[in-house]
Structure formats: structure tokens, C-alpha cells
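Note sheet for the following structure.
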Number of protein chains: 2
Amino acid sequence: MSVYTKYHVSQDQPRVELHDNLSLTGAEVSVNALPAGGSVPFAHAHKQNEEIYCVTSGRGKAIIDGETIELVAGDWLRVAPEGRRQFFAAEDEGLSYICIQVKANSLEGYTMTDGIIC
Amino acid sequence: MSVYTKYHVSQDQPRVELHDNLSLTGAEVSVNALPAGGSVPFAHAHKQNEEIYCVTSGRGKAIIDGETIELVAGDWLRVAPEGRRQFFAAEDEGLSYICIQVKANSLEGYTMTDGIIC
């Protein structure tokens, strides 16, 4: 496999999944855009994956295990595998977000303990 | 540990590391902003971590193993652990990007094979 893979995501796509497009081996990443008033049509949890969400633009909310969390651009969320989650755009504004899916407890060293200045 | 953690990253910070702020267990994520003409002051590789970069705004380039890759907002890059990488903003425009660090080959199931509709 090549040492790197590049892929461009344009802003007009409702959902792009990057695992295969980037040849990822340690994560799945999706880029998502809900229109104003829209939502993911179901709640979900995970067997073993932690999810990390980044709100890149707009406004909305997540409901996690019955608790409502208001979301604006710049907000980040970690959700444990067992959390029952569902995402909603605001009624008057869309919500764009990145979702990163990784195996919980899989990270060992990082940054100073995994990086090599060269 | 709580089922979720939320953290807000404001746009005026040059670098924010999220591992501890979000209690991450499967990734480290950093949010980075290089000013016009700026660069990460060193090249680096990794022992075992794959890195996934997302350009959120601006323009610049990465040099990976001597190859120059032009970058604009919406570009995503996977870099294998051994790739020697360095990031640069354009001379006349800054470069903002997210860097996701995960253990290479750590992902097992994902989405349809790890998610549970509930």
C-alpha cells in the first residue's frame, strides 16, 4: 500500500465514508451534512467502537441515552460504544459534522511516545 | 467514565490536543492552525500510528517522503506510520487542519458490522 492516500470531499455531499477511499486501517471516518430540520433517521450504539464527533458548521443537537446536548460549530463529542445516540440539525439551520469511529481502548502510545522526529 | 464527553475548540487557537480533554481511548486528535507562511517546524514519522488529516480551511502543502502534495479545504490524507511528513501553510494564506492519530490495523468491524440500531 502507498505511504499515503489523498481524497477530496466536496461540501455538497450529504454523507461520504472514507474508509475505502483513504485505505484506512485504524478508523472509519464519515463526513455528514444534515439539512435544516433533518436528522439521522435512527438512534444507534456500537459493539466495540468509540465515536468522536466534530461539528464543522451549523447548529443542532445530539440525544445520548435520553440526554439532549446542544451542538454548534467547534464542538467535539466522544461517545462510548454503549451510548445510544441520535443527531439532529436545528429547525432553521443545517448541521455538518465529521464522525470518527475507532476501536475503544486501541490506542497505545501517541504524539511524544509514538512520534519520531526525522 | 461518562458515556460521553463534550469539548469546544475555538477558532483562535494554534493547536488543541483532544485526547485528555475528551477522555479518548482509541485515538488522539489535534486541531491545528498554521498562519500564512508558517509550517510545522520539523518532519516526523510514527512508530505504529496511522494519521488521518482533514484540511478544514485555507491552503498549503504536505511533503511526504520528499513528494509535495498540494492541499485545500476538503482534502483528506491518510499517512502510514513510516511516512516522513511535514505540513506548510501557503505563503499568502493560512492552513487549518485536524490530525487524527490511530493505531494502524486496529480497526475491526465498523458501521454495519459494529453498529447496533436501537
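The values are calculated or read from the model by the stated rules, or taken from the named source; none is laboratory data. Predicted model only: the values in this text are computed from it and were never measured. Using ideal geometry, Cβ is built from the backbone for each residue, glycine included, and neighbour counts are taken over all protein chains shown. The area values use the complete protein model at the heavy-atom level, side chains included, leaving out ligands, DNA and RNA. Shrake-Rupley method; radii C 1.70, N 1.55, O 1.52, S 1.80 Å.
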- Task: Would you kindly work out, in nm and rounded to one decimal, the distances from the label point of B:V3 to those of the same position in each other copy, ordered shortest first, with label points 7 Å along Cα-to-Cβ?
- Result: 4.4
- Message: What is the distance in Å between the Cα centroid of the stretch B:8-40 and that of the stretch B:87-118?
- Response: 13
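Let me know the charge dipole size of the stretch A:1-106 about its Cα centre in debye, to the nearest 20, where only the beta-carbon of Lys, Arg (+1) and Asp, Glu (-1) is charged.
On the way: 9 positive and 14 negative charges, 59 e Å.
Dipole of the stretch A:1-106, to the nearest 20 debye: 280 debye.
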- Counting only Cβ atoms, what residue of chain B lies nearest to the axis that sends chain B onto chain A, and how many whole Å off? B:S106, 2
- Please tell me the relative contact order of the stretch A:4-118 in percent, rounded to the nearest whole number, where contacts are Cα pairs under 8 Å and at least six residues apart. 31
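Please compute the length gained on full extension between B:V16 and B:H44, using 0.36 nm multiplied by the number of residues separating them and subtracting their Cα-Cα distance.
Working: separation 28, 0.36 × 28 = 10.08 nm, distance 1.84 nm.
Gain in length upon complete extension: 8.2 nm.
Kirkwood Rh and Cα-based Rg: tell me the resulting Rg over Rh for the stretch A:79-118, rounded to two decimals.
Reported Rg/Rh (Cα atoms, Kirkwood Rh): 1.18.
For the protein assembly as shown, what is the Kirkwood hydrodynamic radius in Å, using each pair of distinct C-alpha atoms? Present the calculation step by step, with values, prior to reporting the outcome.
Details: mean 1/r = 0.0560 Å⁻¹.
One decimal place: 17.9 Å for the Kirkwood radius.
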- Query: Which pairs in the list A:K103/B:K103; A:K103/B:K47; A:K103/B:K6; A:K61/A:K103 are over 21 Å apart, alpha-carbon to alpha-carbon?
  - Reply: A:K61/A:K103
- For chain A, whose charge dipole is built from +1 on Lys and Arg Cβ atoms and -1 on Asp and Glu Cβ atoms, the candidate among A:G74, A:A27, A:F42 with its Cα farthest towards the positive end is A:A27
- Task: Express in Å², to the nearest 10, the accessible area of B:E91 obtained by rolling a 1.4 Å probe over the protein heavy atoms while all chains stay in place.
- Result: 150
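Just the number please: accessible area per residue for the protein assembly as shown, 1.4 Å probe, all protein chains included, in Å². Write down the numbers at each step before the final one.
Working: 10530 Å² over 236 residues.
Per residue, the protein assembly as shown has an accessible area of 45 Å².
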- Which translational diffusion coefficient, to the nearest whole µm²/s, is obtained for chain A from the Stokes-Einstein equation, given a Kirkwood hydrodynamic radius over C-alpha pairs, 4 °C and 1.567 mPa s? 83
- Would you tell me the accessible area of A:H46, worked out with a 1.4 angstrom probe on the heavy atoms of the protein chains, in Å² to the nearest 10? 10
- Between B:E108 and the same site in the other copies, what are the distances in nm, shortest first, taking label points 7 Å from Cα along the C-beta direction? 1.7
- Message: Given a 1.4 Å probe and heavy atoms of the protein chains only, how would you sort A:K47, B:K61, largest accessible area at the top?
- Response: A:K47, B:K61
- Given label points at 7 Å from Cα along Cα→Cβ, what nm distances, shortest first, separate A:E93 from the same residue in every other copy? 2.5
- For chain B, which whole-number percentage of the solvent-accessible area (1.4 Å probe, protein heavy atoms only) is attributable to carbon and sulfur atoms? 51
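Between beta-carbons, use under 13 Å as the cut-off and find the net charge around B:E108, counting Lys and Arg +1, Asp and Glu -1.
Numbers: positive: A:K47, A:K103, B:K103; negative: A:E28, A:E50, B:D114.
Around B:E108, the surrounding residues sum to 0.
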